[in-house]
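What follows is a set of notes on a single structure, which appears directly below.
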Amino acid sequence: MASAIVVGATGILGREIVKELSRNPEEWKTIYALSRSKKDEYPSHVVHKHIDLLSSADQMAKDLQGVEAEYIFFTAYLQKDTEQENWEVNGDMLSNFLTSLNHTKTQRILLVTGAKQYGVHLGPPKNPLLESDPWLPIPPYPPNFYYRQQTLLHTFCAARPPIYWTVTYPNDVIGFATGNFMNLATGIALYAAVTRELTTTTNKEKLELPFPGSPTFYTRFDTFTSAPLHARFCAWAVRDPRAADQAFNVVNGDAQSWVDLWPRVARRFGMVVRADQFSKDKTGGGGGGGGWEWEEGCAGRRELGGAPPVGVVAEEVGLVGAGVVEEGGVLEQRVSLVKWSGKGEVRVAWERLAEREGLQRDVFGKATWAFVDFVLGRNYDVVQSMSKARAAGWTGYQDTWEAFSDVFDELEEAKVVPKIR
């Protein structure tokens with residue numbers, strides 16, 4: 001039997017790794033769940049340990065005396081205001097943690113990163129995204145803390161054979177964790193529930209759910225990562241020799257678009273999508289004071305600026321002068337949820353809904369609306385290939401809509417949104 005350490009155990013991805021490992025006590029005799037606070041109840045073979053990743057390596061070493069394991073999963077992440085700050089803080093957290101532990105038993109360290117590896121936050125990438133794609137040079141591109149973390153990990157393991165590393169690149173994660181609201185499904189569910197509450201008061205025959213993001217992205221493609229699927233991948237990869245010293249995309253295995261998903265979201269919350277929802281000549285539909293479509297007070301548009309990631313391979317693939325490199329990426333919101341969530345009538349509707357349905361009152365203010373705006377507002381595809389993982393022996397798959405539906409069920413049970421059906 002093996003033991004494991006999961007760092008960031010209360011996050012959306014870390015929580016699922018703890019749950020996945022704990023289902024197999026015959027394989028995992030002890031699981032150390034490390035976080036600043038304890039937000040979950042654990043089985044008897046899961047040991048929660050407090051850790052402050054912003055503390056020094058010496059302090060962490062004191063807090064983690066007696067904690068060692070064959071397998072380490074590092075899922076922690078701290079969002080800062082600038083990429084330089086992200087580089088410094090997240091790199092330091094990993095460096096200090098690695099320094100603090102006794103590694104006499106360690107065989108593999110798995111680091112969870114994400115699709116920012118490919119610069120998808122900077123503009124159009126080269127699709128599909130492959131693990132062999134070149135890292136974006138710094139400069140002209142901004143610092144990418146995933147590069148620093150991976151370099152630190154590679155160096156650490158190379159100096160301590162036979163410790164091996166594995167890295168995962170999930171994208172647009174679908175999951176739920178208590179008290180953690182950087183979650184696409186939570187933002188969408190709250191938007192749908194409050195929109196339903198608003199439109200119910202208008203006495204319309206049909207309740208309409210306007211897509212708040214980019215009309216361009218509505219028909220483009222994205223690849224998502226189910227948090228439980230990612231956990232199963234990590235449990236497989238951390239012990240498989242074929243995954244040693246390798247990085248992998250970890251997405252569901254399908255490519256999805258909101259033209260398929262959004263009508264399902266609407267139906268799930270008892271609403272419909274209006275046939276001409278993207279017409280610039282129409283107003284009304286939806287709620288919140290009238291005029292959802294291209295409303296002056298709620299719409300948003302921003303050019304990402306700088307060279308898009310696809311520019312790194314533009315000469316090689318023949319895209320110089322084709323427009324995609326020169327034009328870059330755009331974020332546009334038909335309804336910016338950052339602006340929408342701050343409107344007085346929206347706040348009143350949420351308070352009314354939360355009071356009537358017994359919901360968690362503070363979740364609306366904690367939702368990461370800017371994150372949802374970004375995910376839905378891009379004007380370019382993000383498609384990650386799973387070919388490398390398949391070739392290594394991974395066969396897992398998750399239907400993306402089913403992943404969303406499962407999380408919506410969890411949100412209902414946790415009293416984050418009301419039960420509509």
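The values are calculated or read from the model by the stated rules, or taken from the named source; none is laboratory data. Since we're looking at a predicted model, the values are computed, not measured. Cβ sites come from the backbone with ideal geometry, for glycine too, and all protein chains shown count toward neighbours.
Here G329, G323 are screened, and the one residue that is of a type outside the set (F, W, Y), on the phi < 0 side of the Ramachandran plot and out of contact with any Ser or Thr (no Cβ under 6 Å at 6 or more places or on another chain) is G329.
Here is a yes/no grid of residues against (1) part of a helix (DSSP H, G or I); (2) in contact with an Asp or Glu (Cβ under 9 Å, 6 or more places away or on another chain); (3) not charged (D, E, K, R):
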{"position": "A185", "(1), (2), (3)": "yes, yes, yes"}
{"position": "T195", "(1), (2), (3)": "yes, yes, yes"}
{"position": "P212", "(1), (2), (3)": "no, yes, yes"}
{"position": "P228", "(1), (2), (3)": "yes, yes, yes"}
{"position": "R232", "(1), (2), (3)": "yes, yes, no"}
{"position": "W236", "(1), (2), (3)": "yes, no, yes"}
{"position": "R242", "(1), (2), (3)": "yes, no, no"}
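The residue that is farthest from G329 (Cα to Cα), among those in segment 220-244 that are aromatic (F, W, Y) and touching a Gly at 6+ places or on another chain (Cβ under 9 Å), is W236.
Remark: A354 matches the filter, which requires a residue to be over 22 Å from the mean Cα position of the chain (by Cα), part of a helix (DSSP H, G or I), without any contact (Cβ under 8 Å) to a residue 12 or more places away in the chain and buried (at least 20 other Cβ atoms within 10 Å of the Cβ). The residue that is surrounded by the fewest Cβ atoms within 10 Å (Cβ to Cβ), among those in segment 206-239 that are of a type in the set (G, A, S) and either in contact with a Pro (Cβ under 6 Å, 6 or more places away or on another chain) or within 28 Å of N379 (Cβ to Cβ) (or both), is S214. Every residue in segment 338-351 that is over 26 Å from the mean Cα position of the chain (by Cα), within 13 Å of L190 (Cα to Cα) and among the small types (G, A, S), please. Within segment 338-351, A349 is the sole residue that qualifies.
Flag not set for W165, criterion: farther than 27 Å from V18 by Cβ and either part of a helix (DSSP H, G or I) or modelled with pLDDT of 95 or more (or both).
Checked against (1) crowded, with 22+ Cβ neighbours inside 10 Å; (2) closer than 28 Å to G114 by Cα; (3) modelled with pLDDT of 95 or more, V194 passes all but a single condition, namely (2). Scanning segment 377-400 for residues that are out of contact with any Pro (no Cβ under 6 Å at 6 or more places or on another chain) and among the aliphatic types (A, V, I, L, M) returns V382, M386, A389, A391, A392.
Mind checking which helices (runs of 4 or more DSSP H) fall wholly inside segment 357-421 and carry at least 3 residues that are of a type outside the set (S, T, Y) and surrounded by fewer than 15 Cβ atoms within 10 Å (Cβ to Cβ)?
Filter on segment 357-421 gives 400-413.
Within segment 80-94, the set of residues being out of contact with any helix residue (DSSP H, G or I) (no Cβ under 6 Å at 6 or more places or on another chain) and loosely packed, with under 14 Cβ neighbours inside 10 Å comprises D81, T82, Q84.
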